[in-house]
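Taking it in order: structure first as structure tokens, then the write-up.
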Amino acid sequence: MQRVNLSTVSEFVLVGLSDAPEARFLLFVLFLIIYLATMAGNITILVAISTDTRLHNPMYFFLGNLSLLDILCPTATVPKMLETLLLENKVISFAGCMLQLFFLIDVVGTEIFLLAAMAYDRYVAVCHPLQYMNIVSMELCARLAIGIWVVGFFNSLLHTSLISTLFFCDSREVDQYYCDIPPMLALSCSPTYSRELVILTVGGVVGSSTFVVTLISYIYILLAILRMNSSESRHKAFSTCGSHLMVVCLFYGTTICTYVRPSSTYSPHQDRIVSMLYGILTPLLNPIIYSLRNKEVKRALRRVIRQVRTAL
């Protein structure tokens, strides 16, 4: 079988979600509405956090970073998916494919570290409330955010370089609606063992270390909440931390199913469903979860909406 270096490949073909014209149009309308709602929800939260001085604290600083990631994640994949559904243009250039892969992995890697930082922030707030402002200062948050984005960038650069040096044979058909690591590994006809080992090792170290930080933080938070005498204090702590915990469960559950496994277990149909959960639905649900369970965010959102109505 003849091998062709990926550097000579000019384009790939995305399988997409459906070939039926009626289904394509319905899916286009559905995902367009979800995408626009995701953009509106996360942009509104960003505006509320940046304009309301009462939200200028570490927790909402990290929430603003999460909203930014929730804007970037679907933007990396959904526009091309909508073009495929509406115009049946399934072709994506090599550069476009690699850029899609790079931004997606960058967002996923950055969010893993961000969720761990948010868990640590809640641990300090609940377990050491009197020292909170001294331990988690805005200067520390800014440094953490810069470090998180930088690490996410280099993590994505590593994974993208591993995929970009693969060899392919006759097939150029990516069995997914966007370029991702599992379908690219499955498409390659060159040995992928060493690359898979690096990807699984890096992903395992990054994922397990951040998960342990998150898990330990919430164990201490739970113990601290159970020791609280006031039911009102317990309810407030559960409400604030419960929102973050729901986001963590959604994110880790879907990303582990997608990335932390060998390519021999790759299932295109299953992966499309899972990828929609963390790539499309989770960015939509995050602002809903935080706004519905947080009184300060709801007040800020109502103020932003009133200002928009007045301007219109």
Helix-derived mean residue ellipticity, 222 nm - over the chain, DSSP H n ≥ 4, -39500 (n - 2.57), to 500: -26000 deg cm²/dmol
Would you tally the net charge around Phe62, using a Cβ to Cβ cut-off of less than 12 Å, leaving Phe62 out, and scoring K and R as +1, D and E as -1? -1
Taking placed amide H atoms and a strict 5 Å upper bound, the residues 5 or more places from Cys189 or on another chain that come that close are Phe167, Phe168, Cys169
Segments 31-42, 197-208 sorted - mean Cβ within 10 Å per residue, highest first: 31-42, 197-208
Carbon and sulfur atoms account, in whole percent of the 1.4 Å probe accessible area of the chain, for 68 percent
Given a 1.4 Å probe, the accessible area of the range 11-311 per residue, as a whole number of Å², is 48 Å²
Helix 138-164 against the longest principal axis of the chain: what's the angle in degrees, Cα atoms only, rounded to the nearest 10? 10 degrees
Residue-span extension gain [Leu200 to His128] - 0.36 nm each, minus C-alpha spacing: 22.3 nm
Does anyone have the angle between helix 94-127 and the longest principal axis of the chain? Alpha-carbon axes, 0 to 90°, nearest 10? 20 degrees
Net charge near Ser137, counting Lys/Arg +1 and Asp/Glu -1 over other residues with Cβ under 15 Å of its Cβ? -1
The helix 58-87 Cα axis meets the longest alpha-carbon principal axis of the chain at an angle in degrees, between 0 and 90 and rounded to 10, of 30 degrees
Tell me, what is the FRET efficiency for Phe167 and Ser209 to the nearest 0.05, using R0 = 25 angstrom and their Cβ-Cβ distance as r? 0.20
So the label point goes 7 Å from the Cα of Gln307 along Cα→C-beta, right? Which residues of the range 270-291 then have their backbone N under 12 Å from it? none
Relative to the Cα centre, what is the charge dipole magnitude of the range 11-311, using +1 at the beta carbon of each Lys and Arg, -1 at the beta carbon of each Asp and Glu, and rounding to the nearest 20 debye? 1400 debye
Just how far, in whole angstrom, is the range 95-162 from the range 298-312 if you go by their alpha carbon centroids? 30 Å
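The values are calculated or read from the model by the stated rules, or taken from the named source; none is laboratory data. The structure displayed is predicted, hence computed values, not measured ones. Methodologically, a virtual Cβ is constructed for each residue, glycine included, from the backbone with ideal geometry; neighbour enumeration extends over all protein chains shown. Quick note on the areas: whole protein, heavy atoms, side chains included, nothing else; ligands and nucleic acids left out. Shrake-Rupley method; radii C 1.70, N 1.55, O 1.52, S 1.80 Å.
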